[in-house]
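The values are calculated or read from the model by the stated rules, or taken from the named source; none is laboratory data. Predicted model, so just to flag it, every value in this text is computed and none were measured. In this analysis, Cβ positions are derived from the backbone assuming ideal geometry, glycine residues included, and neighbour counts consider all displayed protein chains. Please note that ligands, DNA and RNA were not included when accessible areas were found on the heavy atoms of the full protein model with its side chains. Shrake-Rupley method; radii C 1.70, N 1.55, O 1.52, S 1.80 Å.
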Amino acid sequence: MTVSVQEADFDPGAEIAALSLGRDDVGAVASFVGLVRADKVADGGVGADEAAAIAAMTLEHYPGMTEKALQAIVAEARGRWDLFGVRVIHRVGRLLPGDRIVLVAVASAHRGEALAACEFIMDYLKTRAPFWKKEETPDGGRWVDARTSDDRAAGRWSS
């Protein structure tokens, strides 16, 4: 179970393959890779007239605190599902459209557990991990506010 916050890019295939390497008990590996989009999608309270092309995105974090938050999210997922391996990588720094931002990969004996845990980790990462995003657009830079749709997604795991 490893968590990394880094500027360097990552190889999703290698990271995903490592979760089941040398294991015959893994029946499923689920993963999510998030990318920087060039176009801002009008959602989360942003009007269509406010949507603009994104030239770059800068992600900032609080070193130490961010890793602990991600580790706590992974620990909570491990408490909910029987997981054999988890890999979370989140990039920081200046990223361009098409660049990879995040990887969440989960190995388990069964598809349902792997898929649910992967989705849970991503939903909680979006709402509980201390990252700040600033988009560069033709109109200048702007900080990205939290989206209500992310809060709703994370809220469905509460019980």
Which number comes out as Rg/Rh for the stretch 12-148 once both Rg and the Kirkwood Rh are worked out on C-alpha atoms?
1.02
How much of the accessible area of the stretch 72-159, probe 1.4 Å, is carbon plus sulfur, in whole percent?
48 percent
Inter-probe distance in nm under a simple model that places probes 7 Å from Cα toward Cβ, at ASP139 and GLU60
2.1 nm
Mean Cβ-within-10 Å packing, highest first, puts peptides 105-112, 65-72 in the order 105-112, 65-72
Residue-normalised accessible area of the chain, given per residue in Å² at a 1.4 Å probe:
53 Å²
Accessible-area order for ARG100, ARG156, largest to smallest, probe 1.4 angstrom, reads ARG156, ARG100
Please tell me the relative contact order of the stretch 43-159 in percent, rounded to the nearest whole number, where contacts are Cα pairs under 8 Å and at least six residues apart.
35 percent
Theoretical ellipticity at 222 nm over the chain - DSSP helices of four or more residues, -39500 (n - 2.57) apiece, nearest 500:
-9500 deg cm²/dmol
Distance from the stretch 1-17 to the stretch 87-145 (C-alpha centre basis), Å:
12 Å
For the stretch 6-11, Karplus couplings with θ = phi - 60° (6.51, -1.76, 1.60), whole Hz, Gly/Pro x:
8, 7, 5, 5, 9, 9
Extension gain from ASP9 to LEU96, taking 0.36 nm per residue of separation minus the Cα-Cα distance
30.1 nm
